[in-house]
1. Which value in deg cm²/dmol, rounded to the nearest 500, describes the helix-derived mean residue ellipticity at 222 nm for the chain, given -39,500 (n - 2.57) per DSSP H run of n ≥ 4 and division by the residue count?
2. For the charge dipole of segment 6-75, defined by +1 on Lys and Arg C-beta atoms and -1 on Asp and Glu C-beta atoms about the Cα centroid, which residue among A27, T42, V70 has the Cα displaced farthest towards the positive pole?
3. For the chain, what does the relative contact order come out to in percent, with C-alpha contacts under 8 Å and a separation of six or more?
4. Give me the number: length gained by fully extending A75 to N49, i.e. 0.36 nm times residue separation minus the C-alpha to C-alpha distance, one decimal in nm.
5. State, to one decimal in nm, how far the label point of L110 lies from the label point of T61, with both points 7 Å from Cα in the Cβ direction.
6. Any idea what the dipole of segment 27-72 comes to, in debye rounded to 20, about its Cα centre with Lys/Arg Cβ at +1 and Asp/Glu Cβ at -1?
7. Mind listing the long-range amide H neighbours of L58? Cut-off is under 5 Å, sequence gap 5 or more, other chains count too, H placed in the peptide plane at 1.01 Å from N.
8. List the GluC sites (Glu not before Pro) within segment 45-115 that fall in a DSSP loop (any state other than H, G, I, E or B) and whose Cβ has at most 14 other Cβ atoms within 10 Å.
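Values in this text are rule-based calculations from the coordinates and carry no lab data. No experiment lies behind these values; they were computed from the predicted model shown. Cβ atoms come from the backbone with ideal geometry, glycine included; neighbour counts cover every protein chain shown.
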Amino acid sequence: MLYRISRPEDWQHAQKIGFFVSADLAAEGFIHASELAQVLETARLYYPNSPGALLLELDETALVAAGVRVEREWAAGRQAYFPHLFGPVPLAAVRRTWPLPVAVDGSAALPPELG
């Protein structure tokens, strides 16, 4: 499974159009995602003060079957490979969602089912 932190407005938009998209897809050509072990650091760095954030669990097999190319690419700033999703994510590939409130300082906790 892959994971994406979503702002509430992006998730609400996905419910209307049937696909999850975010600003990074338009700006960079892919949607940033994380492996489970990378989620909390991603929250700390990029989503501080996001009390309404959500964590989306994405089925990589379903993404590929839907024609979404998934590549793990090196992120020098984080010294790790991260999954990048080259296309809108169909809602059928989103297996589960959880609230992931991120505090002002960037701290967050994984849902108990994942932690």
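1. Mean residue ellipticity, 222 nm, calculated: -7000 deg cm²/dmol.
2. With unit charges placed on the Cβ atoms, the residue in question is A27.
3. Normalised by residue count, the contact order of the chain is 35 percent.
4. Taking 0.36 nm per residue and subtracting the Cα distance, the gain is 7.0 nm.
5. So the label points at L110 and T61 sit 2.1 nm apart.
6. My answer is approximately 120 debye.
7. L2, Y3, R4, R95
8. Loop-located and lightly packed - E113.
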